[in-house]
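Some notes on the structure that comes next.
The values are calculated or read from the model by the stated rules, or taken from the named source; none is laboratory data. On a predicted model such as this, the values are computed, not experimentally measured, just so you know. Cβ placement follows ideal geometry from the backbone for every residue including glycine, while neighbour counts extend to all protein chains displayed. Heads up: the accessible areas ignore ligands, DNA and RNA and are worked out on the full protein's heavy atoms, side chains in. Shrake-Rupley method; radii C 1.70, N 1.55, O 1.52, S 1.80 Å.
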Amino acid sequence: MTEHNEDNTHHPLVLTKETMVHHYRIIEKIGAGGMGEVYLAEDTKLKRNVALKFLSIGQLCNAVLLSQFAKEAQAVARLQHPNIITVYEVNEYNKTPYISMTYIEGQSLQELSELKLFSIEEIIELGLQISSGLVEAHEKGITHRDLKPANIMIEKSGTIKILDFGLAVLSSRESQDDPDRTATSNQFENKLAGTLLYMAPEQLTGQEITHRVDIFAFGLIMYELIMSKHPFEAESFSEISAKILRDKPENLTEKRPDIPYDLNRIITRCLHKNSSKRFQTVRDVYNELEEMLHQLKNNISVSVSSQGQIKLAPTIIEETFVLTTELIRTLSSKNSKMIGTKLVYLDNHVSSDEIIFYLHGVGADQRQFSDTLRQLPYRGIALSLYGFDEHAQLRIPIDLRDHSILLHALMKDICCRLKPKKIILVGFSSGADHLLHCVSSELFDDIKVNGLLALGCNIHTEDCFATSKLAELTSGDEEQILSIIKLFSNNTSSINDWLILHNYLVMAFSKFGIETEPFRKYAADILEPFKDDNWETFPMWYKACLKKVNHVRYIVDTGGYSTLDALMQKHLEDNVLGDDFNENTIIRVAESHMDLVKTKDVLKHTHDFMELFKSK
């Protein structure tokens, strides 16, 4: 008699509300399919909602597939990109493997496309986000193999997230005649893996799989968004396969004369039957879409057909800059965990000879200037300090000089690529202090800065209320942090100021929570030059920047009037601002400090400042 081994028996997984799966508390079941089931759960350790995806019982008896599942899930967990879902961990519960990942509140692209017709602008924007996520995966050696609208989620903010990297290889061949089923064949050792309607020809014929299968699927998704139908729809598995291998899709511009010629060309090339004739990398696809969007967004006429032309409104694209070993070696921190992590910035991609860099205040990030970039008539870049962007996976505290080195590397890279004729820096509050510090030092001597606009920079210790309080934060001490936050509300003079301040605090503390050390340290470093009633710092910056920069302007809000008066008195008595002092470089405005970061005010001050270059 054969001994029965209970350890090898797999029973159906039963999860009900409040079931504890390690430190996850099940809330409800939110999805099911051939792969398994997905549950919404609460991470009781980190107090956040997550999605738990459990493999179905049919997948549990194949040791090869289980091993492949673990390896690929671990690989995807290393991806850090705003357009790729974040995998938190791979684990096992009651002998059933599961993945813990970001819970996304939104709709799949498949669901959304059934409810609305996308505009050309929206389709291009979606294409850029999808291809941007694929660039990250492909350059890390990961091919999706099951890219389709159902695996693309759109958050309420409009950000897309690509799901299920590397998992399609696990799906079983449920039915050859059901086009909605996922197909695989062990004969090809995972080469035939993916959803039939979105397979590339080489997937169907069992040829070697490369990243270009994702490019084919990307082309299908774009085509479907434009035409509201799939180019290879049919009644059976065999008919769909034949169409994919044989038929050419209908020409987009014949059905949609408003389609830009270049968009039709890009999609057509993605859908080439011969993989060697497609774009060779998804980065090439991204670059092509980006180049086309540059022209369209700037209201440059683009030929679309004999019947007319189209124009697109500016679109903000989130970009990343990877930190290399060589760059990290130049930092005082020299933390190996930072290698391969990224600085995130926003780019409006406006075609312009001028480029304007915006730097946020302490605790904020690039989003502080996102609306400004949408209305800016110049090429605009909204920077974010290391570890300050909302999606940062690593928030290692680094000192001010290290932040400056990273900003310098990013700005130098952007300027080398774009080759602008003029470089303008705009900073708000501590961001203005930081830029003044950078430009007055030797670090930025190899970047020719043509203009510097400081919105509400600090002049003296008396101006540093917010910075000084943030510098006192004790990481992990919720009670102490809350008491400091309350002080900010007490210091506002109007409901308008309170609302702006509230939005800023939400932006900062929703990212950092009570782990505030990264921006506490930054605030402390910004504050350091102003300690001990120091009146020398601002004059030093002022004189240095005046020598290095063509145009400098300091916008002083109502909260800085008294310190400015005191500074001007010192200048009258001791010439602290130097012989080159120009009254037009310091402008008093009847606005509060927080008003200066309002979009309309930022745009106004930027516009007025840029007029200086025209009058010269």
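Listing for the model above:
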quantity: Wholly enclosed strands (runs of 3 or more DSSP E) of region 100-162 bearing at least 3 residues open to solvent by less than 40 Å² (accessible area, probe 1.4 Å) and in contact with a strand residue (DSSP E or B) (Cβ under 8 Å, 6 or more places away or on another chain); calculated: 152-155, 160-162
quantity: Region 405-423, residues that are more than 28 Å from Tyr504 (Cα to Cα) and assigned to a helix (DSSP H, G or I); calculated: Lys412, Asp413, Cys415, Cys416, Arg417, Leu418
quantity: Test result for Thr341, touching a residue at least 60 places away in the same chain (Cβ under 8 Å), β-branched (Val, Ile, Thr) and out of contact with any helix residue (DSSP H, G or I) (no Cβ under 8 Å at 6 or more places or on another chain); calculated: yes
quantity: Breaking point among (1) open to solvent by less than 40 Å² (accessible area, probe 1.4 Å); (2) under 30 Å from Asp608 (Cβ atoms); (3) not charged (D, E, K, R), for Ile481; calculated: (2)
quantity: Residues satisfying the stated conditions in region 189-209, i.e. closer than 15 Å to Lys277 by Cβ and modelled with pLDDT of 90 or more; calculated: Ala200, Pro201, Glu202
quantity: Filtered residues of region 316-332 (kept if in a loop (DSSP other than H, G, I, E, B) and either without any contact (Cβ under 8 Å) to a residue 24 or more places away in the chain or surrounded by fewer than 17 Cβ atoms within 10 Å (Cβ to Cβ) (or both)); calculated: Thr324, Arg329, Thr330, Ser332
quantity: Unique residue being within 30 Å of the chain's Cα centre (by Cα), part of a helix (DSSP H, G or I), of a type outside the set (Asp, Glu) and surrounded by fewer than 21 Cβ atoms within 10 Å (Cβ to Cβ) when the list is Phe519, Phe509; calculated: Phe509
quantity: The listed residue being outside any helix (DSSP H, G or I), open to solvent by less than 70 Å² (accessible area, probe 1.4 Å), of a type in the set (Val, Ile, Thr) and over 23 Å from Ser370 (Cα atoms), out of Ile555, Ile526, Ile587; calculated: Ile587
quantity: Residue check, Ser494 open to solvent by 30 Å² or more (accessible area, probe 1.4 Å), in contact with a helix residue (DSSP H, G or I) (Cβ under 8 Å, 6 or more places away or on another chain), over 26 Å from Ser333 (Cα atoms) and among the small types (Gly, Ala, Ser); calculated: no
quantity: Cross-chain or 6+ apart pairs with Cβ under 9 Å, region 576-588 first and under 17 Å from Leu452 (Cα atoms), then open to solvent by less than 100 Å² (accessible area, probe 1.4 Å) and of a type in the set (Asp, Glu); calculated: Ile587/Asp608; Arg588/Asp557
quantity: Which numbered condition Asp532 fails, given (1) closer than 25 Å to Ile398 by Cα; (2) within 36 Å of the chain's Cα centre (by Cα); (3) of a type in the set (Asp, Glu); calculated: (2)
quantity: Unmet criterion (only one of (1) within 20 Å of Gly431 (Cα to Cα); (2) assigned to a loop (DSSP other than H, G, I, E, B); (3) not aromatic (Phe, Trp, Tyr)) for Gly340; calculated: (1)
quantity: Output for region 254-275, where each listed residue is part of a helix (DSSP H, G or I) and either under 31 Å from the mean Cα position of the chain (by Cα) or buried (at least 17 other Cβ atoms within 10 Å of the Cβ) (or both); calculated: Tyr261, Asp262, Leu263, Asn264, Arg265, Ile266, Ile267, Thr268, Arg269, Cys270, Ser275
quantity: Subset of region 101-158 (residues that are touching an Asp or Glu at 6+ places or on another chain (Cβ under 8 Å), β-branched (Val, Ile, Thr) and within 26 Å of Ala73 (Cβ to Cβ)); calculated: Ile104, Ile142, Thr143
quantity: Complete set of residues in region 424-462 that are open to solvent by less than 10 Å² (accessible area, probe 1.4 Å), closer than 14 Å to Thr585 by Cβ and assigned to a loop (DSSP other than H, G, I, E, B); calculated: Ile459
quantity: Residue under evaluation Tyr88, criteria (1) assigned to a loop (DSSP other than H, G, I, E, B); (2) under 22 Å from Tyr24 (Cα atoms), criterion not met; calculated: (1)
quantity: Evaluation of Lys469 against (1) over 30 Å from Tyr378 (Cα atoms); (2) part of a loop (DSSP other than H, G, I, E, B); (3) charged (D, E, K, R) (one fails), failing number; calculated: (2)
quantity: Residue under evaluation Lys570, criteria (1) more than 27 Å from Leu385 (Cα to Cα); (2) open to solvent by 30 Å² or more (accessible area, probe 1.4 Å); (3) out of contact with any Phe, Trp or Tyr (no Cβ under 7 Å at 6 or more places or on another chain), criterion not met; calculated: (3)
quantity: Candidate set: region 239-253, residues that are modelled with pLDDT of 90 or more and part of a helix (DSSP H, G or I); chosen: the one farthest from Thr281 (Cα to Cα); calculated: Glu239
